[in-house]
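For reference, the structure discussed in these notes is given below.
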Amino acid sequence: MAEKAKYSAQQIQVLEGLDPVRKRPGMYIGGTGIDGLHHLVWEVVDNGIDEALAGRATYVEVTMLPDDGLRVRDNGAGIPVDKVKATGKSALETVLTVLHAGGKFGGDSAYKVSGGLHGVGVSVVNALSTKLTARVFKDGTEYIQEYDQGNPKGAIKKVGSTKDSGTEITFYADDKIFETTNYSYNVILERLRHQAYLNKGVRTILRDERGDQPNSYQFYFEGGIKSYVEHLNKGKETLNQPTFYVDRQVGDVNVEIAIQYCNSFNEQVRAFANNIVTPEGGTHLVGFRTALTRVVNDYARKNGLIKEKEENLTGDDVREGLTAVVSVKLPEPQFEGQTKAKLGNPEIRQVVEKVLSEYFSYYLEENPNEAKKIIGKGVLSARARLAARAARDSVIRKGALEGMTLPGKLTDCSSKDPARSEVYLVEGDSAGGSAKQGRDRDFQAILPLRGKILNVERARLDKMLANNEVKNLIIALGTGIGETFDISKLRYHRVIIMTDADVDGAHIRTLLLTFFYRHFPQLVENGNIYIAQPPLFKVSKGKTGYWAFSDKERDKFIAEIIASAQDSKSKAKAKLATKKPEVVSAKDLAKFAESVSGEDESEETTAEDNPIKKAGINVQRYKGLGEMNADQLWETTMDPANRILLKVTVADAEKADAIFNKLMGEEVSLRKSFIQTHATNVTNLDI
């Protein structure tokens with residue numbers, strides 16, 4: 001047995017300054033992937049927004065530099081440059097090199113409201129950057145100080161005089177720490193859009209200087225979160241105009257709420273605390289939901305819109321079709337974790353309840369027609385909920401959701417371990433037959449779907465449960481749905497959508513994605529939903545064959561086969577090693593593509609005239625899974641050793657909601673516009 005290592009004071013490490021950040025970056029920014037990289041941006045941007053909240057700045061500007069650097073500038077008061085007694089350093093150097101140092105602590109704080117509660121923001125950015133340059137414009141003078149991996153390269157210097165005010169931070173994330181240092185333009189753009197909505201009258205600007213054609217975009221909204229709600233409901237049929245909006249100060253807490261209902265079955269509520277999105281909600285969201293349900297029920301009872309014998313509307317009933325933004329600003333927010341996903345201040349619940357109860361009651365009284373529409377939608381939701389419960393109970397009584405009776409079309413796997421098991425949702429019985437024969441029975445289940453499933457974007461739960469294909473899918477998953485959903489009962493940890501590579505297949509895939517996004521969002525968030533990638537072509541010559549998953553890959557294999565044939569004919573291998581292999585011309589490939597698609601049967605594509613056919617290369621185009629035999633389907637699409645699976649994720653729920661509404665909602669003109677806009681991007685269309 002090995003000798004136990006001694007544990008003494010000699011094993012204790014003391015990490016000083018910013019060393020802990022470089023040693024354990026995940027503790028400060030959540031990770032070193034793409035999200036952690038953007039967390040650096042948010043930390044610096046939030047400092048500029050805090051200046052705006054304090055009334056000292058009117059804009060925050062982000063510039064993406066060509067060399068993977070990032071610059072953030074505001075026109076606030078500028079970080080102080082005089083010395084701090086506690087550190088003996090300038091205030092600028094202190095906030096850049098000392099954790100938990102800043103102007104956001106204590107009762108006499110320079111910031112009454114701040115998102116940077118933990119005080120580690122810009123110092124962490126400094127620690128995780130190869131270099132950082134800070135420029136301060138203050139009291140008519142411009143100052144500069146440079147840093148290398150968190151360490152100052154020298155003292156702060158005066159550069160000259162200036163009429164500007166504010167702070168500019170330019171940093172380069174350390175590529176030895178982060179998996180990538182390539183920032184996403186769209187991710188930063190959306191964050192700056194949100195900040196402009198949440199801070200009415202503040203301008204946010206994004207400049208991208210990467211590439212040959214630099215571009216810029218800016219946001220400015222006088223309406224604040226009222227404009228934000230109307231943006232979220234763009235393209236939807238709304239029920240209440242004007243949009244409800246309240247902005248009130250209660251003590252040292254500011255509450256801002258906007259509400260608009262639309263004719264959909266989904267709820268969209270965004271909650272923020274000190275401009276920071278709180279995806280897991282918190283006390284402000286609890287107060288909002290409690291007050292909303294109570295006010296709607298009180299008004300409905302008072303005006304006879306709910307009969308005496310009828311039960312009150314539930315929170316789910318009241319929130320059907322609701323789009324709302326709840327934003328609170330408070331002096332000392334208590335977030336759960338460094339990533340600030342949930343607000344914990346208990347007093348905020350009562351403040352939000354009080355404000356919404358008072359002012360939404362006024363709104364309903366002053367807008368009786370809108371009030372009737374809102375409550376009418378809630379009443380319809382309640383009836384649908386009861387009908388859905390009856391349908392669901394009927395299914396449960398048959399024992400289906402308890403796993404006693406699975407759908408007849410489901411060919412289950414023998415494994416009972418959900419972590420190992422996966423289910424393929426395939427299009428039709430033909431593809432289902434090939435998949436059943438080709439699968440590994442141990443861990444792969446097959447569920448064929450007949451035709452196109454119900455478009456759930458336009459259907460409530462009761463109608464869904466009346467649809468056999470949807471009901472079979474729900475039963476096969478085993479989790480239940482709606483209020484009975486339990487992710488721990490999921491029977492397969494990989495749910496794989498496998499449809500044909502044609503227009504119908506794409507439509508069925510979109511219907512299934514809509515179904516999962518709207519009614520099983522937990523499965524999407526948990527990474528349980530996948531899309532199979534069957535090959536489009538088989539390129540072969542003699543006994544040699546390649547599977548191609550795109551037109552580009554097909555052309556690459558053709559070129560390689562021809563180049564290989566040319567190489568094999570040459571005896572001077574040493575000389576050939578220095579030459580570039582010949583490739584097929586674009587014209588020849590175009591001719592070949594036409595011949596494969598069947599669009600050109602002219603003499604130009606005969607074997608004598610086409611070098612690709614002349615070379616004896618055979619290409620087979622697969623439009624449907626049923627065209628493959630079982631062995632081919634296993635080899636290309638179902639074998640874990642070879643297959644390609646796309647995991648379905650939602651990086652931006654707001655954009656996802658908008659695109660599903662556009663593609664699957666009631667408004668035809670939105671779909672038409674989308675098709676016209678993106679038609680030129682389609683590279684493989686079979687009609």
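The values are calculated or read from the model by the stated rules, or taken from the named source; none is laboratory data. It should be emphasised that the depicted structure is a prediction, and the values quoted were computed from it without experimental measurement. Positions of Cβ are generated from backbone atoms using ideal geometry, with glycine treated the same way; all protein chains shown enter the neighbour counts. For accessibility, only protein heavy atoms count, side chains too; no ligands or nucleic acids. Shrake-Rupley method; radii C 1.70, N 1.55, O 1.52, S 1.80 Å.
Tabulated results
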item: Separation in nanometres of the label points that stand 7 Å from Cα toward Cβ, at residue 65 and residue 468; result: 6.5 nm
item: Whole-number D in µm² s⁻¹ for the stretch 201-291, Kirkwood Cα-pair radius fed into Stokes-Einstein, 25 °C, 0.890 mPa s; result: 156 µm²/s
item: The stretch 405-472 pair-distance distribution - Cα-Cα, 10 Å bins, rounded %; result: 20, 44, 29, 7
item: Residue order for 322, 285 - accessible surface, 1.4 angstrom probe, largest first; result: 285, 322
item: The stretch 288-344 - percent relative contact order, Cα under 8 Å, separation 6 or more; result: 25 percent
item: Amide proton proximity set for residue 274, modelled H, under 5 Å, gap of 5+; result: 328, 329, 330
item: Alpha-carbon spread of the stretch 490-543, three principal axes, descending order, Å; result: 48, 24, 16
item: Area of residue 650 that stays accessible when all protein chains are in place (1.4 Å probe, Å², to 10); result: 60 Å²
item: Filtered trypsin sites (Lys or Arg not before Pro), the stretch 400-487: DSSP coil and at most 10 other beta carbons within 10 Å; result: 416
item: 3J(HN,Hα) from dihedral phi, the stretch 536-551, Karplus parametrisation 6.51/-1.76/1.60, rounded to Hz, x for glycine, proline; result: 8, 9, 10, 9, 9, 9, x, 8, 8, x, 10, 9, 10, 9, 7, 4
item: Segment residue 209-residue 647, length gained on full extension (0.36 nm per residue, minus Cα span); result: 154.5 nm
item: Percent of alpha-carbon pairs separated by more than 15 Å within the stretch 135-211; result: 72 percent
item: Nearest-10 value in Å² for the accessible area of residue 359, using the 1.4 Å probe; result: 60 Å²
item: Interchain or long-range residues, amide H under 5 Å from residue 183's placed H; result: none
item: Net +/- balance of residues flanking residue 83 in space, Cβ distance below 13 Å, scoring K and R +1, D and E -1; result: 0
item: Base-10 log of normalised Debye intensity for the stretch 270-371 (one unit scatterer per alpha-carbon) at q = 0.12, 0.14, 0.25 Å⁻¹; result: -0.45, -0.58, -1.32
item: With DNA, RNA and ligands ignored, accessible area of residue 19 (1.4 Å probe; Å², nearest 10); result: 80 Å²
